[in-house]
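Structure, as structure tokens:
No lab work stands behind these numbers, since they all come straight from the coordinates. As the structure is a prediction and not an experimental result, all values here were calculated from the model. Ideal geometry is used to build each Cβ from the backbone, glycine not excepted, and the neighbour counts take in all protein chains shown.
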Amino acid sequence: MVSSNFVLPMNTNSKKTITLILFFIFIVGIQLSVQMSSRFAFGADGYYYAAQVNSYVTKGRFFSPDSSPILYGLVAFSKFGSDIVLTNKIFVSILVGSLFLVATRLAYHLTNQFVLSICFGVLFISSSYIPHFSFNFIKNLGGLFFFILFLTELFTFDPLDTKRKWKQYLRIFVFFVLVFFSHKITAGIAICFLIPWILKQIHWNQYLSLFLAFGTLVTIIGFSFLFPNTLHWNDLKVVIGENLEFQFLSPFYQYSKLYPEFLIEQFLFFLSPICYLINRKDLNQKQKTFYDQMLVLYIFLSLPIFSYTAFSFPFRIFLLIFIPGCFLYLPLLSKIQSQWKLSFLCLLLFPYQIYTMVRGKEFNNQDYKLYSIILPLFQFPKNTLIIVHQGFDYFICFNKAGDAFHFLPEEKHKDRPIYRIAYGVSATEYNLYLPKERKIQYLPGFYSVLEEKTWQEFLQNLPDDSKDRILDWRNPNTHRTETMLRNETFKAKNNSI
């Protein structure tokens, strides 16, 4: 007779799966709890994603042509609710939880230690850098997710497994394509990892490696021509055009000025290469190759030769430093044999994750509550183009209050009414440098509305020292880049359909 208290033992794989699911749910819950702290989106690009999804749902195309699978994922997820801002937040929270899973999976392949791998996954998504992506740069976050999957395929590739070789090639190709389309920065880094891997295949099959190299080159060039907002050689001009300005420990120093409370984390990332080099001798050759590549990536991302500001392209690149910074500590962490110590470390990381999110959500955030108050006060003529700073423009577009962007208008807009929403200019300054008959509407929050030609007249009469104060990101004064204008050609094609 079988005892009623008898319970079938759970196998190890089932326990691991359940553990991962529980961690995933808990992490998604943490992300959602912070994301839901406001009914508005976060960051300067929060309503860019909302407006993109809304445009696709209502018009069948993105208002700014794009090929990122993350945007299509947001569109698909919008079907589960009527509030696009809310569904975007849920999607991002799930994406961060998924990033935990893929980071844990790669760590497990590197160490073959389950508890350590979970601890590393939590460490990876608890970095103070993650909120930049989850609140501001969602496409970058998707690029990170697919990049980790791509790295995993490269690391686990077995050239001696002839039966599964073509399946392995296919998986590498699929994840590379997903990285390539997700975001330009991760696409460029993925190419840098793919090239050495292809060259390494020469040892196993020279003709196959040449075929892979030629096929990859043709594929990348083809993608650049056929799909909008993908990596293009014009993007190299952005990198080359950056002002080189040596600053001692510049990236870490600049980030520490933004977030002095995360100084210890910066110090640990700064020491991560040294930590890896000390423990390198204990690794096998395959592990050394992977970590050596991480070391090269670390050096590239932390080069102190750019001028780093909170909105610059070099800063966006530097934000990826946490990837090699975390992985280079994995050889040291793998020496911790006590599961209790790893579990305790994991528990400590969760409060830190919450703190980094609460602090990080305010970075580059906008006063969307104020914008919602201002919107009903607009009195623009029909077909008006509104020039206003980043964040406010997407909010206007999402709420269908007008056509807005944060650049100077091109020639094609010359026959449209063009108005400027300016920030930080007092009535006294307007009266001082403009004729009294010019019409200006004053709005809450130190905003004002005037015709663009009147604004340009005001700038011409303004002293240079006042120009330096006024012409910051809140009063945009640059034209769209060549890459952005290139995307317009795809919009024209879409409009003709």
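Observations on the structure shown:
- Fully extending the segment from Asn399 to Ser343, taken as 0.36 nm per residue of separation minus the present Cα-Cα distance, adds 15.5 nm.
- Multiplying the residue separation of Thr489 and Arg39 by 0.36 nm and removing their Cα-Cα distance gives an extension gain of 158.5 nm.
- Taking all Cα pairs closer than 8 Å and separated by 6 or more residues, the relative contact order of the chain comes to 18 percent.
- Cα-based equivalent ellipsoid, the stretch 368-495: semi-axes from gyration tensor eigenvalues, Å: 25, 18, 14
- Ranked Thr478, Thr186, Thr219, criterion: other C-beta atoms within 10 Å, fewest first: Thr478, Thr219, Thr186
- Scanning residues 5 or more positions from Ile336 or on other chains, none has an amide H under 5 Å from its amide H, with H placed 1.01 Å from N in the peptide plane.
- DSSP-loop trypsin sites (Lys or Arg not before Pro) across the stretch 259-347, with at most 13 other Cβ within 10 angstrom: Lys335
- Taking Cys275, Cys119 and counting other C-beta atoms within 10 Å, the order from fewest to most: Cys275, Cys119
- Charge dipole of the chain about the Cα centre (unit charges at C-beta), most positive-ward option of Pro159, Phe120, Leu295: Pro159
- Note on Rg and Dmax of the Cα atoms in Å: of the candidates (1) 28.8, 108; (2) 25.3, 101; (3) 31.9, 129, the value calculated from this structure sits at (2).
- The stretch 355-471: antiparallel DSSP beta bridges as a percent of all, rounded to 5: 55
- Ordering 439-446, 151-158, 133-140 by mean Cβ neighbour count within 10 Å, with the highest value first, yields 133-140, 151-158, 439-446.
- Dipole magnitude of the chain about its Cα centre (Cβ charges: Lys, Arg +1; Asp, Glu -1), debye to nearest 20: 1420
- Computed about its Cα centre, the charge dipole of the stretch 368-495 is approximately 480 debye, with only Lys, Arg, Asp and Glu carrying charge at their Cβ.
- At R0 = 51 Å, FRET efficiency that the Cβ-Cβ distance of Lys453 and Ala213 yields, to 0.05: 0.45
- Calculated FRET efficiency for the pair Lys79/Ile373, C-beta based, R₀ 22 Å, to 0.05: 0.10
- To the nearest ten degrees, helix 482-495 and the longest principal axis of the Cα atoms of the chain are 90 degrees apart.
- Note on Glu265, Glu362: ascending count of other Cβ atoms within 10 Å places them as Glu362, Glu265, the fewest first.
- Selected from Leu432, Thr454, Pro444, residue furthest toward positive end of dipole (the stretch 368-495; charges at beta carbon): Pro444
- Each stretch of four or more DSSP H residues adds -39500 (n - 2.57); spread over every residue of the chain, this sum gives -19500 deg cm²/dmol at 222 nm.
- Once the chain from Arg164 to Thr481 is taken as fully extended at 0.36 nm per residue, the excess over their C-alpha distance is 109.7 nm.
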